[in-house]
Amino acid sequence: MSDTIGASPEDTQQVYERQAAAFDNTRSRALFEARWLARFAACLPNSGRVLDLGCGAGEPIARWFMAEGFAVTGVDFAAPMLDLARARWPEGDWRQGDMRKLDLGETFDGIIAWNSFFHLRQDEQPTCIAHMARHLAPGGSLLITVGPGAGEAAGTVGGEPVYHASLSPAGYATCLEENGLRLTGFLAEDPDTNSHTVLMARKEEQAV
């Protein structure tokens, strides 16, 4: 990553730690994600286990899945974000961790990484997808937001720049296939989700 985009991937965790309250206060609760969440949930067993990677303060993604009866495990690397989630749902399963080193020793029916996975560098994303594949039960589903094409960009959280990166759609398809995952949905800059680019995949029943 060069300074030309105005953000460094090494700063992402610290930005979210500093700006946890500001991010939570401004995070939309309008559930513009609902159509994709419902499509994803339809692929999961009733009361299935969902891993929310980059769960933040739990609003609105983890809350939606809990309300739908799923057992949610939330993982985030920013402790102040998890403090907010625990204050809202003290009985919840909230864990501090880094998706780049994901090793929970258990599997889930679904994994979602909405607005979190794309903070990883391009060279880190294939390794993270491999980690996610290992944490998916056979037949499990994955839902992540990525970029519309290969490249780097900068966003903002609480007025501070944050790093974003993406592979190409073909690059993701190849990486998924290499990890026993089949692409089941991809829509670039979906106008119904505030122009998020959304990717869905399914782990093959006999994947190892």
task = Please return the longest stretch of the chain lacking exposed loop sites, where GluC sites (Glu not before Pro) count only if DSSP places them in a loop and at most 10 other Cβ atoms lie within 10 Å.
result = 107-204
remark   = With label points set 7 Å from each Cα along the Cα-to-Cβ direction at GLU68 and THR26, the distance between them in nm comes to 2.8
inquiry  = Given a Förster distance of 45 Å, report the FRET efficiency between SER8 and ALA42 from their Cβ-Cβ distance, rounded to the nearest 0.05.
reply    = 0.70
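Express in nm, to one decimal, how much length is gained between GLN96 and ASP123 on full extension, taking 0.36 nm for each residue of separation and deducting their alpha carbon distance.
7.4 nm
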note = Footprinting proxy, CYS43, CYS55, CYS128: sorted fewest to most Cβ within 10 Å, the residues are CYS43, CYS128, CYS55
inquiry  = Placing +1 on the Cβ of each Lys and Arg and -1 on the Cβ of each Asp and Glu in the chain, which of PHE40, CYS175, MET200 has its Cα farthest towards the positive end of the resulting dipole?
reply    = PHE40
query = Relative to a virtual label point 7 Å from the Cα of LEU187 in the Cα→beta-carbon direction, which members of the stretch 42-61 show backbone nitrogen distances below 17 Å?
reply = 42-43
ask   = How many times 2.2 N^0.38 Å is the alpha carbon radius of gyration of the stretch 3-107?
value = 1.13
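Quick note: the coordinates plus some simple rules give every number you see, no bench work behind them. Quick caveat: nothing in here was measured; it's all calculated off a predicted structure. As a convention, Cβ positions derive from the backbone with ideal geometry for all residues, glycine included, and neighbour counts pool all protein chains shown.
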